[in-house]
Each structure stands twice: as structure tokens, then as C-alpha cells.
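Reading through the C-alpha cells given below for one structure.
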Amino acid sequence: MKKNWPLWEVFVRSKNGLEHRHFGSLHAVDAEMALENARDVYTRRNEGVSIWVVESKHITASNPEHNGELFEPAQDKVYRHPTFYNLPDEIKHM
Amino acid sequence: MSEEQIKNLEEQFEARIVRDDKIEPKDWMPEKYRQTHIRQISQHAHSEIVGMLPEGNWITRAPSLRRKVALLAKVQDEGGHGLYLYSAAETLGISRDEMFEQLHSGKAKYSSIFNYPALTWADMGAIGWLVDGAAIINQVALCGTSYGPYARAMVRICKEESFHQRQGYEIMLKLSEGAQEQKDMAQDALNRFWWPSLMMFGPKDDESPHTAQSMKWKLKRKTNDDLRQQFIDQTVPQAELIGLTIPDPDLKWNEEKKGYDFGPIDWDEFWQVVKGHGPCNKERMKARVNAWEEGTWVRDAAMSYAEKQQKRKEKQAV
């Protein structure tokens, strides 16, 4: 019976000190092959020092249709930003 | 969803594109946008993969180790570019297998340029210089396209492709500095690849059915004719510099438009090749279908092995 190779998401740390970033995806039969393929597909020019792979089906993504209730509540909370507070100009280092 | 609601969503969608918002995979999009993108991105991916064939054919016959490693790396890049693009198309809900099926059945097209044969080593030069040169012009224009995964793939591809064109031009440069036979070989390659390269930009604007919609969705940022003109204007001086002659008796600098005028393109040839009657259409398709069919047992075996390993691990954990 024919089974398709599962899809994996690839995250690469381009150098130490930076976070892993999503680079793309690929098909592989298991994690080991996904890592090897990720190396060949996404780091042919020294783009990375570390790779994470995770099977795409394990990622839970928010639904853009719910962006309103998820993200809009943050918009009117200006008091979470330093510029909300009025201080005299003479104040330094704050 | 009611018609009213869909119309509303479509209006919001068009507004997002106008203000240069990127569209991401899970966002709502009109069905036509999805289908157009699946078609263009998958055909772009197929072009990369089929494009490996004419050059792969010359790897074992590269004239030096320097040329061989460069050509190998270029062909490997093309495989990688195909994979970036297939992944981008998959985010729109089509599977990798469906795309291969469309390629193998002839339903999906790929760039016609790869239906021309690579007869001599100089063709490796002409392909890198002209074909990749034309591809870069098309692709740079696509880096700002509205569909996020496609735009990101394009940025990565453009970064990697500039070496492709340079290695091609270097091959032509060396040949043009060589013996008369080498110069003739370079000129012959230019003669054969010049017109098909111009055709890579697609039909003239007034005969291109998708241009208007594609411009609106920023799937195209410049028209076919504009890109073709840009290619000609940048390539003619490069040919002159290495003493090669563009095979177009009507080619002439036009001071008024600050660009070259050029002779008529043989669109009958273009449509013949698109319809499957080019010199290598059958050969290319046969190579792809064979690779897919003869690889079936490998893909199946790898999958079975992975499943067996997984089961063994689960057993040990108990």
C-alpha cells in the first residue's frame, strides 16, 4: 500500500546567539532523514549551525479568522509601553 | 457562506493586496487566487526540476574539476529550488504527488526552454548566462509578490542564483578567448539559445491572457514585454564585451527609448514547443516519469523501514 512521506517543518539557527527561525518544509520518512534532507536543502551555503525538525502535524496554529479576539485586546493597552508615561524632560536614564 | 459575505471577504482581500499586506497560507483567499498560485508555483517548481536535465547531462563531461564542481553545485541548487517551490505550493492545499501527477500527465507545463537540447559544452555557458539570466529577471520581479511563502522562496532562490549566471558567463568568456573552434562553439550556443531565452518571458502583453489579473495580485510586478526589454538591454553589452554577436539582424540601439529595438520573435515556434512538439519534450518527460516510477520501491522501502524502526522503539519503551 502506498504511503506518502510525511511533511516536516525545518528551523535553523544561523549562528549561536540567534534563535532558530522557520526556514521551510520538506518530506522525509523519519526525523533522522528530515534532518539530513534539511541540511542538504536549507544549509548548502553555511546558513546554519543547528537544525530543528518537527513533523508538521504536531504544530498547532492559531486561526487567522480569530485574530480579532486573540490580538485586538492588546491594542488599547497603551499603558504597557514606556511612552505612555509623562516625565519631565530633565529626567535622564529612564 | 452567502454571496454577500464572499463579496465582502473578496473586497477586504483586494484591499490587503493593495496595501502590500502579505497573504499567508491559513488566510482566507478567493478560490481563483489559490488556483492561479498553485498553477504558477508548481509550474515554476517543475521548471527547476526539469531544468536539471540538460545540465546534468554534462556533469561527467565537464572539461575541468573547477567546471565540474560548479556545475554539480548549480544542478543541486536547482533541485533545492524545486523543493522550496513545491513546499510553497503545498501550503495552498495541493499534495506533492498531485503535482507530480500533473507534470507527468502533461497537464502542468514547465518552462519551454528546457525542451531544447544541450549539444556542446558551450551550451552550459549559454544556459547559465542567458537562461539563468532571464530567470533571475523574472524572479527578482517576484520577490515582492503577495503570497508570503512564494515571496520567501523567491528571495532565497534569487540569492543563490547569481552564481549560476556568473559561472555561465565565465564559461563563455573563456571560450571566446580560446581557439577559433572554441569561439565558434560559443557563438553557436548563443545563436541557438538567444531566441528561446527571449521567449522565456512569455507571450507579448497583448496576447498574454493572465497578465492583467496577475498584475493585480502582484503575482507579476512587471509585464512580459517590460522584462524582455530589460533582459535584452542588459545582455547585449555583455555579448559585445566578449566579442559575440547577437543573432538578430534587426537589433539596434534606440536612443529615444534608451533601449534596443529587436526583430520579430517566432511565436509559432514558441507555441509548438509549449504544445509538446519541441526537440526534447518527450525525452524530458520520459526522464522524469522514469525517475519517479523507478524510485517507487525506494520511497516505499524507506517508509516501511521508518515504520519498523518506530514500532521497535515503541516496543522497547513498554
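The values are calculated or read from the model by the stated rules, or taken from the named source; none is laboratory data. What you see is a predicted model; the values in this text were computed from it and never measured. Positions of Cβ are generated from backbone atoms using ideal geometry, with glycine treated the same way; all protein chains shown enter the neighbour counts. SASA here: full protein model, heavy atoms, side chains in, ligands and nucleic acids out. Shrake-Rupley method; radii C 1.70, N 1.55, O 1.52, S 1.80 Å.
Interface residues of the range A:1-32, defined as a loss of at least 20 Å² in heavy-atom accessible area between the chain alone and the complex of all protein chains with a 1.4 Å probe, are A:Lys2, A:Lys3, A:Asn4, A:Trp5, A:Phe23, A:Ser25, A:His27, A:Val29, A:Asp30.
Volume of the convex hull of the range B:84-208 (Cα atoms only), normalised per residue: 124 Å³. Heavy-atom accessible area buried between chains A and B is around 1800 Å² (1.4 Å probe, both sides summed).
Bridgeable lysines around A:Lys2 (alpha carbons under 16 Å apart, same-chain partners fewer than 8 residues away excluded): B:Lys308. Relative to its residue count, chain B spans a Cα convex hull of 181 Å³ per residue. Once C-alpha pairs closer than 8 Å and six or more residues apart are averaged by separation and normalised to the residue number of chain A, the relative contact order reads 27 percent. Residues of the range B:136-161 that lose at least 30 Å² of accessible area (1.4 Å probe, protein heavy atoms only) when the other protein chains are present, relative to their chain alone, are B:Arg156, B:Glu160.
Residues of the range B:23-37 whose accessible area, computed with a 1.4 Å probe over protein heavy atoms, drops by at least 40 Å² once all protein chains are present relative to their chain alone are B:Lys26.
For A:Ser50, the amide hydrogen comes within under 5 Å of the amide hydrogens of A:Arg13, counting only partners 5 or more places away or on other chains and with H modelled in the peptide plane.
Length gained on full extension, B:Asp233 to B:Thr60: 58.8 nm, using 0.36 nm per residue less the C-alpha separation. 3J(HN,Hα) along the range A:62-76: 6, 8, x, 5, 9, 4, x, 5, 6, 10, 5, x, 6, 5, 9 Hz, from the Karplus curve 6.51 cos²θ - 1.76 cosθ + 1.60 with θ = phi - 60°, whole Hz, x for Gly and Pro. Near B:Lys315, which lysines are there with a Cα under 18 Å away, not counting those fewer than 8 places off in the same chain? By straight Cα distance, B:Lys315 reaches no lysines at all. Sparsely packed loop sites in the range B:135-242 (the GluC sites (Glu not before Pro) outside DSSP H, G, I, E and B with at most 14 other Cβ atoms within 10 Å) comprise B:Glu177. Which angle from 0 to 90°, rounded to the nearest 10, does the C-alpha axis of helix A:31-42 make with the longest principal axis of chain A? That helix lies at roughly 70 degrees to the long axis.
With all protein chains in place and a 1.4 Å probe, the accessible surface of the protein assembly as shown carries 54 percent carbon and sulfur. Normalised per residue, the accessible area of chain B is 50 Å², obtained with a 1.4 Å probe and no contribution from ligands, DNA or RNA. P(r) for the range A:1-58, from all Cα pairs and a bin width of 10 Å, is 26, 52, 18, 4, 0 %, short bins first.
The loop-placed trypsin sites (Lys or Arg not before Pro) in the range A:45-79, going by DSSP, that have at most 15 neighbouring Cβ atoms within 10 Å of their Cβ come out as A:Arg45, A:Lys77. Over the range A:1-58, accessible surface divided per residue gives 62 Å², non-protein components excluded, 1.4 Å probe.
Given the rule -39500 (n - 2.57) for each run of at least 4 DSSP H residues, summed and divided by the residues of chain B, what is its mean residue ellipticity at 222 nm, to the nearest 500 deg cm²/dmol? One gets -21500 deg cm²/dmol as the mean residue ellipticity at 222 nm. Spatial offset of the range B:156-211 relative to the range B:2-52 amounts to 31 Å, using the alpha carbon center of each.
Could you pull out the pairs from B:Lys22/B:Lys218; B:Lys109/B:Lys275; B:Lys74/B:Lys275; B:Lys74/B:Lys174 whose alpha carbons sit more than 21 Å apart here? Result: B:Lys74/B:Lys275 exceed 21 Å.
Check the straight Cα-Cα distances from B:Lys32 and name the aspartates and glutamates below 18 Å, setting aside those fewer than 8 residues away within the same chain. Hits, sequence-local ones excluded: B:Glu3, B:Glu4, B:Glu10, B:Glu11, B:Glu14, B:Glu24, B:Glu90.
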